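Undergrad: Input: one structure, supplied below.
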Amino acid sequence: PFLLKMKKQIILKTKYIKILTVGKFQERKNFLFLIKVLEKIKINYKLIIIGEKTVNDHNFTFKNIKKYIDKKKLNNKIDIKFNIHHNKIKRYYNWCDFFVLPSTKEPASISPLEALSYRKAVICSDNNGVRYYIKDSINGYIFKDNNSKSLKNKILKMILNYKKINLRLRVNKDIFLNENLLKKINKKQNEFKYHI
């Protein structure tokens, strides 16, 4: 326990953690939920939220998130981007240390699979269909849907292990999907001509 505590302290004090989340600006994507969980964790982090803002519902959710960030003075920690063309999103996946999608009632989202295809560790809920591709400590973590304590614990675990997990993902091509499926995902990414 002492060694784990020391390791956690060193990482939390010296590391700038880069977290990415991608999805439409909808309530069910739980972006505010993620922000509130990160506030409880005393880490030096940068969160980039990339979302689609094309209809009134998206605009409403976007404004609520932006208002919360401004109110809590989190602008130096959280950056919101919207309507990024799919061809330009690769740099954000490459930039992040790991990916989190806190959404609820999610049949199966594309963005965690995209993150995995870029060899990035993923956190998603047990209510997301992508959970079947995630193996704890191997390529990411699964948290209990809408449970802030569970998400907080998984983020802390990820902070301690993301380098090891991402290295494993880079070295072992079959760790979450076979290489043919990875190639198909990357091919489809390049074919998409829409904004996320």
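The values are calculated or read from the model by the stated rules, or taken from the named source; none is laboratory data. Worth saying up front: this structure is predicted, and the values here are computed from it rather than measured. When we count neighbours, we look across all protein chains shown, and the Cβ atoms used for this are built from the backbone with ideal geometry, even at glycine. SASA here: full protein model, heavy atoms, side chains in, ligands and nucleic acids out. Shrake-Rupley method; radii C 1.70, N 1.55, O 1.52, S 1.80 Å.
Undergrad: Just to verify a result, which residue in segment 35-66, among those that are among the aliphatic types (A, V, I, L, M) and assigned to a strand (DSSP E or B), is nearest to residue 160 (Cα to Cα)? It would help to see each step written out before you state the result.
TA: Keep residues of segment 35-66 that are among the aliphatic types (A, V, I, L, M), which gives 35, 37-38, 41, 43, 47-50, 55, 65.
Of the ones still in play, those that are also assigned to a strand (DSSP E or B) are 47-50.
Numbers: 47: 17, 48: 20, 49: 22, 50: 25 Å.
That would be 47.
Undergrad: Scan segment 154-168 for residues that are open to solvent by 70 Å² or more (accessible area, probe 1.4 Å) and either among the small types (Gly, Ala, Ser) or closer than 14 Å to residue 100 by Cβ (or both) and report the count.
TA: Going through segment 154-168 one residue at a time, the tally reaches 1.
Undergrad: Still on this structure, please answer the following. What residue, of 75, 64, 87, 59, is more than 22 Å from residue 16 (Cβ to Cβ) and exposed (fewer than 13 other Cβ atoms within 10 Å of the Cβ)?
TA: Step by step, each of 75, 64, 87, 59 is checked, and only 87 is more than 22 Å from residue 16 (Cβ to Cβ) and exposed (fewer than 13 other Cβ atoms within 10 Å of the Cβ).
Undergrad: Now a separate question. Do we find a residue being more than 13 Å from the chain's Cα centre (by Cα), in contact (Cβ under 8 Å) with a residue 40 or more places away in the chain, assigned to a loop (DSSP other than H, G, I, E, B) and within 19 Å of residue 29 (Cα to Cα) anywhere in segment 143-153?
TA: So far as segment 143-153 goes, yes, one or more of its residues are more than 13 Å from the chain's Cα centre (by Cα), in contact (Cβ under 8 Å) with a residue 40 or more places away in the chain, assigned to a loop (DSSP other than H, G, I, E, B) and within 19 Å of residue 29 (Cα to Cα).
Undergrad: Would you mind stating whether residue 54 is of a type outside the set (A, V, I, L, M) and under 12 Å from the mean Cα position of the chain (by Cα)? Even if it seems obvious, please write down each step before you answer.
TA: On the way: of a type outside the set (A, V, I, L, M): yes; under 12 Å from the mean Cα position of the chain (by Cα): no.
Here the answer is no, as residue 54 does not meet what is asked.
Undergrad: Taking the residues in segment 16-30 that are of a type outside the set (D, E, K, R), touching a residue at least 60 places away in the same chain (Cβ under 8 Å) and assigned to a strand (DSSP E or B) as candidates, determine which candidate is surrounded by the most Cβ atoms within 10 Å (Cβ to Cβ).
TA: 22
Undergrad: Can you confirm whether residue 94 is modelled with pLDDT of 90 or more and over 18 Å from residue 19 (Cβ atoms)? If you could, list the steps in order and put the result at the bottom.
TA: On the way: modelled with pLDDT of 90 or more: yes; over 18 Å from residue 19 (Cβ atoms): no.
No: the conditions fail for residue 94.
Undergrad: Also, I was wondering about something else. Specify the residue that is surrounded by the most Cβ atoms within 10 Å (Cβ to Cβ); the eligible residues are those in segment 100-120 that are modelled with pLDDT of 95 or more and not in a loop (DSSP other than H, G, I, E, B).
TA: 100
Undergrad: Then there's this: Please tell me if residue 73 is at pLDDT 95 or above and on the phi > 0 side of the Ramachandran plot.
TA: yes
Undergrad: Need the failing condition index for residue 76 against (1) among the polar types (S, T, N, Q); (2) closer than 23 Å to residue 158 by Cβ; (3) touching an Asp or Glu at 6+ places or on another chain (Cβ under 9 Å), just the number.
TA: Single failed check for residue 76: (3).
Undergrad: Can I ask one more? In segment 137-159, is there at least one residue being out of contact with any Ser or Thr (no Cβ under 7 Å at 6 or more places or on another chain), at pLDDT below 90 and more than 25 Å from residue 39 (Cα to Cα)?
TA: Taking every residue of segment 137-159 in turn, none turns out to be out of contact with any Ser or Thr (no Cβ under 7 Å at 6 or more places or on another chain), at pLDDT below 90 and more than 25 Å from residue 39 (Cα to Cα).
Undergrad: I need the full set of residues from segment 31-51 which are open to solvent by 30 Å² or more (accessible area, probe 1.4 Å) and within 17 Å of residue 93 (Cβ to Cβ), in order please.
TA: Listed by number, the list holds a single entry, 46.
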